[in-house]
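As structure tokens, the structure follows; a few thoughts come after it.
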Amino acid sequence: MIITKEIDLGLGKTISIETGRMAKQADGATVVRMGDTMVIATVVSSRKAPSVNQDFFPLQVEYREKYYAAGKFPGGFFKREARPSEKEILSARLIDRALRPLFPDGYYHETQVIINVISSDQQNDADVLGGLAASAAIMVSDIPFANAMSEVRVGRSGGMFVINPTIDELENSDLDISIGGTADTICMLEGEMQEISEAEMLEAIKFGHEAIKKLCRLQDELAAAVAKPKRPFTPLQVPSELTGFVKNACESRLKELAYKPLAKEERADETKAIYGETVQQTIEHFSAALTAEELAADSSKALCLNEHIIEEEIHSIEKKVMRRMILDDGKRLDGRNLEQVRPITIDLGVLPRAHGSALFTRGETQALVAVTLGTKKDAQSVDTLTNNNDKRFMLHYNFPPFSVGEVGRLGSTGRREIGHGNLAERAIRMVAPGEQEFPYTVRIVSEILESNGSSSMASVCGGTLALMDGGVPLKKPVSGIAMGLIKDGEEYAVLSDILGNEDHLGDMDFKVTGTREGITACQMDIKIDGLDYHILENALAQAKRGRFHILDKMEEAIPTAREELATYAPRLTSIQVPVESIGLIIGKGGETIRSITEETGAEINIDDDGTVTIACSNNDGTKAAVEIIKALIAKPEVGTIYVGKVRDVRDELGAFVEFIPKTDGLVHISEISKERVAKVSDHLKVGDRIKVKLVDIRKDPRTGKTRFALSMKAVEDEPVTEGAGENS
């Protein structure tokens, strides 16, 4: 049976959800449509019971854009969709982060959600529709799920907030925030803003949440119409005697350790020792206490002898100890108070050949950031359903295993690296100079050398510093901070600059970046239901104070961008030429422009409007390229002096000289010198560069060709006049 539900979100933005027509063998499937953009989401969850030793939820979320959806062919050599693009990976992460917390605790059945974009009007982005479709597919399935989740995008144009703005509407929007949530709470945020205030951001979130509530009710209606019973699920029950024994064995030691301000490795070593000793003590105790008859009568008793289950119980106690320490005493694992930011050190110009570099260290997190400046040819070609523009500003983030003291396999870039890099890129891009002001392609690379909390925010700070070190004229410096939350009932504590353990054991990871004037990007993940808006308001205010503290440290190191570009950065010079001269500069098959590049070492780009951009790492090369191009397009003028190249020598006639590119003139034997010349080859040879003056232009009455008369002796005592060129 086909069931369809529809809702109007205002301003003509109608969304429909359909189930029962497509992909009926999946556990759940829905098609969501807005305008002519359509996505299909399917979900399948394994019925095979997970291992008793499994402690994670194997959820896989895949988002794919099909090019046929927009009537397009995939770019590149292979004409089929292959590995996911960054856009697809980022969209999948948005959906995964919002869905994951809503599955029941202890549900470890392998689950796969696949979202395909099957139609695109190239105005309505499908990413947030994919989140809605994924949640609806789970709601109409038999898979246990806490409650419906919806995603929306919020923009603002003309002072008015807009739900799910089109691509054109986003062009004029000062914010772009993707919000995921249930009817009761917000569980995911990600976006970029043009320095908006904390109050404006909170207002945008509340506006988006109202639309989310409506979409969640629509899913509830759809699920009720389908009326598919949920499959039975009972989480693993640990015997109470095991919980009690482990608590008595290690709680006091974990509490004592929690109050010791230790470095990450020292804490890890001591924690490992407590785990090992407690596991051994527990197994020895229950091996002696449990008889074979008891184990046979109650299979759950065997969990008391399972090393993995025992470690999970220790971890649960460790989590409670750390959380109570923060809530009761306002103390953190490294001894800081709730708002304190770890010590910051900054080193600039650490890489002599990079075009800008910085080493940013905050506590035990360290980012080495390098900047490379290039030309338009270095821009990244982007090919998605809604965007074919070249990308001129990019930030790449690398997280090698040694940064956390581990051995790991080095493979292709992971989803986490792409997501963290995208957040940092969006944060800084909002203050990057425009193309007219700074016509470079900019690539920032953040190498994480150490990590113990918020390496993405270290990348924002390090990226800003490296750009300023390289002389890139940023509008304003940007800093970033990661906020955490510990909540127990009505009690809560907001943490500034969280550690890795505080992220792992806490309830929120909220990253905020911005200038002194406002927020430029954010990312938030919530692990609990019911985040109150007053908590979010407090977190934003506390983040602002932390952000300003970090900006103070950054401005102490480098108050403004350096006045000069780095020594090895290419210098860009632009000149305007007539559009009809573009072909002359390029030459047949690119022959002329290649010869200029080979001779001067400069890279040359020509726009359709006649703008010629010359990039070279030294001024001499730039100057030479400019002179050659000016000479190429110059029109011969009588009385002008040129530096030309001898192309042919005729002993009794004179020499033919190329005085501007592709144009030869004759230096008659009588015009070579004031002295009598008997033989031209005694004075000139092919390839010589000589200074000549154009003394006459006339048309040959017999052939109609234009003839140019040149003279060497006319310039023996004259300097080269302004505008004279030297050809290739």
Across the range 67-91, the tally of residues that are surrounded by 13 or more Cβ atoms within 10 Å (Cβ to Cβ) and out of contact with any strand residue (DSSP E or B) (no Cβ under 6 Å at 6 or more places or on another chain) stands at 13
SER91 within 21 Å of the chain's Cα centre (by Cα) and within 19 Å of MET524 (Cβ to Cβ): yes
Given (1) surrounded by fewer than 21 Cβ atoms within 10 Å (Cβ to Cβ); (2) in contact with a Gly (Cβ under 8 Å, 6 or more places away or on another chain); (3) of a type outside the set (Asp, Glu), identify the lone condition not met by GLY506. (1)
Please verify whether the range 38-48 includes one or more residues that are surrounded by fewer than 20 Cβ atoms within 10 Å (Cβ to Cβ), touching an Asp or Glu at 6+ places or on another chain (Cβ under 6 Å) and not in a strand (DSSP E or B). yes
Condition first: farther than 19 Å from LYS705 by Cβ and either of a type in the set (D, E, K, R) or over 57 Å from the mean Cα position of the chain (by Cα) (or both). Now tell me which residues in the range 626-669 satisfy that. GLU627, LYS630, GLY639, LYS645, VAL649, ASP651, GLU652, ILE669
Examine the range 361-376 for a residue that is at pLDDT below 90, in contact with a Lys or Arg (Cβ under 8 Å, 6 or more places away or on another chain) and aliphatic (A, V, I, L, M), and state whether such a residue exists. no
Of the numbered conditions (1) under 30 Å from THR234 (Cβ atoms); (2) in a loop (DSSP other than H, G, I, E, B), CYS187 satisfies every one except a single condition; which is it? (2)
Of (1) surrounded by 15 or more Cβ atoms within 10 Å (Cβ to Cβ); (2) under 27 Å from the mean Cα position of the chain (by Cα), PRO559 satisfies all except one. Which? (1)
Considering the range 97-120 alone, what residues qualify as being charged (D, E, K, R) and either surrounded by fewer than 20 Cβ atoms within 10 Å (Cβ to Cβ) or not assigned by TED's automatic domain parsing to the domain that holds VAL44 (or both)? ARG100, ASP105, GLU110
Hits in the range 515-555 - residues which are surrounded by fewer than 21 Cβ atoms within 10 Å (Cβ to Cβ), at pLDDT 95 or above and among the small types (Gly, Ala, Ser): GLY518, ALA541
Here are ARG416, ARG426: which of them is surrounded by 19 or more Cβ atoms within 10 Å (Cβ to Cβ), among the basic types (Lys, Arg), under 14 Å from the mean Cα position of the chain (by Cα) and part of a helix (DSSP H, G or I)? ARG426
Spot the failing condition for GLU537; the list is (1) touching a strand residue (DSSP E or B) at 6+ places or on another chain (Cβ under 9 Å); (2) farther than 30 Å from VAL442 by Cα, and only one is missed. (1)
Considering only residues that are in contact with a Leu (Cβ under 9 Å, 6 or more places away or on another chain) and not charged (D, E, K, R), which ones fall in the range 680-711? VAL680, ILE690, VAL692, LEU694, VAL695, PHE708, ALA709, LEU710, SER711
Can you confirm whether the range 96-115 contains a residue that is charged (D, E, K, R), in contact with a strand residue (DSSP E or B) (Cβ under 8 Å, 6 or more places away or on another chain) and without any contact (Cβ under 8 Å) to a residue 24 or more places away in the chain? no
Only one of (1) closer than 18 Å to ILE575 by Cβ; (2) among the charged types (D, E, K, R); (3) surrounded by 15 or more Cβ atoms within 10 Å (Cβ to Cβ) fails for ASP609. Which number is that? (3)
Would you check if ASN387 is exposed (fewer than 14 other Cβ atoms within 10 Å of the Cβ) and closer than 30 Å to ALA126 by Cβ? yes
Tell me, yes or no, whether the range 288-298 has at least one residue that is of a type outside the set (Val, Ile, Thr) and either within 30 Å of ALA482 (Cα to Cα) or buried (at least 18 other Cβ atoms within 10 Å of the Cβ) (or both). no
One residue is enough: does the range 578-598 have a residue meeting the conditions touching a residue at least 24 places away in the same chain (Cβ under 8 Å), in a helix (DSSP H, G or I), closer than 29 Å to ARG353 by Cβ and among the aliphatic types (A, V, I, L, M)? yes
Residues satisfying the stated conditions in the range 459-495, i.e. small (Gly, Ala, Ser), in a strand (DSSP E or B) and crowded, with 24+ Cβ neighbours inside 10 Å: SER479, GLY480, ALA482, GLY484
Kindly indicate whether any position in the range 153-163 is crowded, with 22+ Cβ neighbours inside 10 Å, in contact with a helix residue (DSSP H, G or I) (Cβ under 8 Å, 6 or more places away or on another chain), in a loop (DSSP other than H, G, I, E, B) and at pLDDT 95 or above. no
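The values are calculated or read from the model by the stated rules, or taken from the named source; none is laboratory data. These numbers were taken from a predicted model, which means no experiment stands behind them. A quick note on method: Cβ atoms are made from the backbone with ideal geometry, for glycine too, and the neighbour counts reach across all protein chains shown.
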